[in-house]
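Heads up: the structure comes next, in structure tokens.
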Protein chains: 2
Amino acid sequence: MRRYVFGIDIGGTTIKCGLFEEDGLVVEQWELDTRTDDGGRYILPDTGASILAKMAELGIKREDVVGVGIGVPGPVKADGTVAMAVNLGWGFTDIAGELSAYTNLEVKAGNDANVAALGEMWKGGGQGYTDLIMVTLGTGVGGGIIVNGQIVTGAHGAGGEIGHGRIDMDEREACNCGTCGCLEQTTSATGIVKLADGELVASDEASLLRDTKVSAKSVFEAYGQGDALAKRVVERFAETLGNALAIYCCVADPGVIVIGGGVSKAGTVLIDLIKKYFVRDAFSACKDTKLELAQLGNAAGIYGAAKLMLDA
Amino acid sequence: MRRYVFGIDIGGTTIKCGLFEEDGLVVEQWELDTRTDDGGRYILPDTGASILAKMAELGIKREDVVGVGIGVPGPVKADGTVAMAVNLGWGFTDIAGELSAYTNLEVKAGNDANVAALGEMWKGGGQGYTDLIMVTLGTGVGGGIIVNGQIVTGAHGAGGEIGHGRIDMDEREACNCGTCGCLEQTTSATGIVKLADGELVASDEASLLRDTKVSAKSVFEAYGQGDALAKRVVERFAETLGNALAIYCCVADPGVIVIGGGVSKAGTVLIDLIKKYFVRDAFSACKDTKLELAQLGNAAGIYGAAKLMLDA
């Protein structure tokens, strides 16, 4: 008898849904709009209804479903509740309790970034490892830590908030979080653009970046074409990230660091750049820690949510 | 029927031994010399013989003993083996297997710093918490991380090697580990002396430290008497440590940070100093993380070793 599990990833715009077999085979993958109006009160009913509709459509019985894993953008406690999830309009929400009531299925909830890390460990860039740091380089810098196969949630739900390590003591501009010098101020897509803008303003030096809209992508493209200004930006980015990851490794000591998010589309060149500084700064025992690109893209969340439920 | 557990802490000079009841009550506490000659081959037989002698002395039967927990100065793998423990003269040693063979008791082995963290969580400064960072400020800076009540061993046995985060990018002298700028270069007892020596050489400024042998203790004493030079040293120490702990918290997000080792004898003034910078630099959700002094001193290891066995 086949057994199934649902993996749900709730974002501010869409709800990504996946139906998996227990070994991780995707049966179906679909999306819903996220209705954030009225304090996000429709999100869990919409999700529940969609799960039940999918089961009816495919003739799947309740006893053949292990349960539902769900990732949300907020700090989820061990009991499946969240105090607040701003992007969804939520105040206190008993995610596991509510969704379980709608579906009559067991539900396990986690933070979306942590859940994505679990997904990459299960079926992505971290396969074969039990200890992993995932870093997501997007508009901000997110992360997830897995120790002994388990998500590090932390005492305040801030486990894996690695974008907010205060790495750069010279930074004078404030991060969104209020501190100055957080990792994400230099190593997010936004941070890379800020570094490039700073270099462009500081001199009249010729650069390919003067003829283009500056983005993390255009910076890496200019770097690939030998642009000296872009090279300085990319090296600064890589040094800051490599140093931070080396520091993080002497806490969690993972077997692999998985790098995802929009900036990671720069590909293996990115890994090589970061590795140079990581190896320079890492504790001797950790220097051979693997650095890998994420492989699941936006689907990491549904994979990880499914795995969260399977591990429960 | 009372049940017992042994907690053993093997150091380079002495083997500390404890016999505990399951609730952590100490029945007896004693020490042996560590015989490191002949590649440390007598250490585990000596330990085993002492355990059996204690059981005979007190009339404790084998079936009343849960087992033996043991901490050693080296990276211990999950299977109870260590590849090398330099201070004991050991190459590869199957600690758990050997000691179990000598005693016919179940044995669980761990790294001494990690085990001490577990001890402080069980019966010391971290009581009531399940997520903890312990930092030991001695000749070097050691540490242990507990997540969900479990020691973070790490993929290379380097979990909790928090003295070797490269925090200070301006440091030009090499750490014992080979990198420049490790946390322990500034925040160990040795590091504090180095900072003070630097300040004393840099000027002729009057200071109480000029009339005394400089030690971490004398620096904190001079600070307590309002000495300006000592104040700069202490603030530099506290800022570096507070910043590092804030960074570490966005990985592990503990409920409490326990501070032990010789330097912690400075007392609550130390906690207040570190907290000032920790709160400045910590991620918003982590700012209320508790900072506590360690309470068990040198006995943390035997408590933690006993707990390691009880949790197995």
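Some values worked out for this structure:
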| read-out | value |
| --- | --- |
| Candidate set: the range B:170-185, residues that are surrounded by fewer than 12 Cβ atoms within 10 Å (Cβ to Cβ) and more than 8 Å from chain A (Cβ to nearest Cβ); chosen: the one nearest to residue B:236 (Cα to Cα) | B:170 |
| Pair list, Cβ < 7 Å and 6+ apart or interchain, from the range A:139-166 residues that are free of Cβ contacts under 8 Å to residues at least 24 places away in the same chain and assigned by TED's automatic domain parsing to the domain that holds residue A:251 to residues that are assigned to a strand (DSSP E or B) and hydrophobic (A, V, I, L, M, F, W, C) | A:164/A:182; A:166/A:182 |
| One residue from A:267, A:255 being surrounded by fewer than 24 Cβ atoms within 10 Å (Cβ to Cβ), under 20 Å from residue B:251 (Cα atoms) and not charged (D, E, K, R) | A:255 |
| Complete set of residues in the range B:47-67 that are under 28 Å from the mean Cα position of the chain (by Cα), surrounded by 17 or more Cβ atoms within 10 Å (Cβ to Cβ) and more than 16 Å from residue B:108 (Cα to Cα) | B:50, B:54 |
| Number of the exception - residue B:27 against (1) in contact (Cβ under 8 Å) with a residue 40 or more places away in the chain; (2) part of a strand (DSSP E or B) | (1) |
| Options A:39, A:12; residue that is in contact with a Phe, Trp or Tyr (Cβ under 8 Å, 6 or more places away or on another chain), over 21 Å from residue A:307 (Cβ atoms), of a type outside the set (A, V, I, L, M, F, W, C) and not in a strand (DSSP E or B) | A:39 |
| Scope the range A:49-69; condition assigned to a loop (DSSP other than H, G, I, E, B) and either under 21 Å from residue A:312 (Cβ atoms) or in contact (Cβ under 8 Å) with a residue 40 or more places away in the chain (or both); matching residues | A:60, A:61 |
| Residue within the range A:85-99 that is under 15 Å from residue A:304 (Cα atoms), outside any loop (DSSP other than H, G, I, E, B) and among the hydroxyl-bearing types (Ser, Thr, Tyr) present | no |
| Residue among A:229, A:241 that alone is more than 14 Å from every other protein chain (Cβ to nearest Cβ) and assigned to a helix (DSSP H, G or I) | A:229 |
| Breaking point among (1) at negative phi; (2) touching a strand residue (DSSP E or B) at 6+ places or on another chain (Cβ under 9 Å); (3) in contact (Cβ under 8 Å) with a residue 40 or more places away in the chain, for residue B:46 | (3) |
| Yes/no for residue A:207 being surrounded by fewer than 23 Cβ atoms within 10 Å (Cβ to Cβ), out of contact with any strand residue (DSSP E or B) (no Cβ under 6 Å at 6 or more places or on another chain), more than 29 Å from residue A:295 (Cβ to Cβ) and away from every other protein chain (no Cβ under 12 Å) | yes |
| Residue ID - surrounded by the fewest Cβ atoms within 10 Å (Cβ to Cβ), chosen from residues in the range A:270-312 that are among the charged types (D, E, K, R) and assigned to a helix (DSSP H, G or I) | A:272 |
| Qualifying residue in the range B:100-107 (condition: without any contact (Cβ under 8 Å) to a residue 60 or more places away in the chain and crowded, with 22+ Cβ neighbours inside 10 Å) | yes |
| Of residues in the range B:1-30 being over 14 Å from residue B:58 (Cα atoms) and over 20 Å from the mean Cα position of the chain (by Cα), the one surrounded by the fewest Cβ atoms within 10 Å (Cβ to Cβ) | B:1 |
| Where residue A:100 falls short, out of the listed (1) out of contact with any Asp or Glu (no Cβ under 8 Å at 6 or more places or on another chain); (2) in the same structural domain as residue A:36 (by TED's automatic domain parsing) | (1) |
| Test: residue B:266 is assigned by TED's automatic domain parsing to the domain that holds residue B:148, aliphatic (A, V, I, L, M) and without any contact (Cβ under 8 Å) to a residue 40 or more places away in the chain | no |
| Which numbered condition residue A:44 fails, given (1) surrounded by 20 or more Cβ atoms within 10 Å (Cβ to Cβ); (2) under 20 Å from the mean Cα position of the chain (by Cα); (3) among the aliphatic types (A, V, I, L, M) | (2) |
| Test: residue in the range A:303-311 that is under 30 Å from residue A:199 (Cβ atoms), touching a residue at least 24 places away in the same chain (Cβ under 8 Å) and in contact with a helix residue (DSSP H, G or I) (Cβ under 8 Å, 6 or more places away or on another chain) | no |
| Enumeration of residues in the range B:147-158 that are under 17 Å from residue A:285 (Cα atoms) and at the interface with another protein chain (Cβ under 7 Å from one of its Cβ atoms) | B:152, B:154, B:155, B:156, B:157, B:158 |
| Test for residue B:84: is it under 28 Å from residue B:253 (Cβ atoms) and within 14 Å of another protein chain (Cβ to nearest Cβ) | no |
| Residue selected from the range B:106-146 under the condition among the β-branched types (Val, Ile, Thr) and farther than 22 Å from residue A:282 by Cα, by the criterion nearest to the other protein chains (Cβ to nearest Cβ) | B:130 |
| Filter result (more than 14 Å from chain B (Cβ to nearest Cβ) and polar (S, T, N, Q)) within the range A:253-312 | A:264, A:268, A:295, A:298 |
| Residue within the range B:260-269 that is among the small types (Gly, Ala, Ser), closer than 27 Å to residue B:17 by Cβ and in a helix (DSSP H, G or I) present | yes |
| Candidate set: the range B:118-169, residues that are β-branched (Val, Ile, Thr) and surrounded by fewer than 19 Cβ atoms within 10 Å (Cβ to Cβ); chosen: the one farthest from residue A:254 (Cα to Cα) | B:139 |
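Per-residue answers, yes or no, for (1) of a type outside the set (S, T, N, Q); (2) modelled with pLDDT of 95 or more; (3) more than 17 Å from residue A:160 (Cα to Cα):
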position	(1), (2), (3)
B:222	yes, yes, yes
B:253	yes, yes, no
B:275	yes, yes, yes
B:282	yes, yes, no
B:285	yes, no, no
B:290	yes, yes, yes
B:293	yes, yes, yes
B:300	yes, yes, yes
B:304	yes, yes, yes
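The values are calculated or read from the model by the stated rules, or taken from the named source; none is laboratory data. Every value quoted in this text rests on a predicted model; they were computed, and no experiment measured them. Glycine gets a Cβ as well: all are built from the backbone with ideal geometry, and neighbour counts include every protein chain shown.
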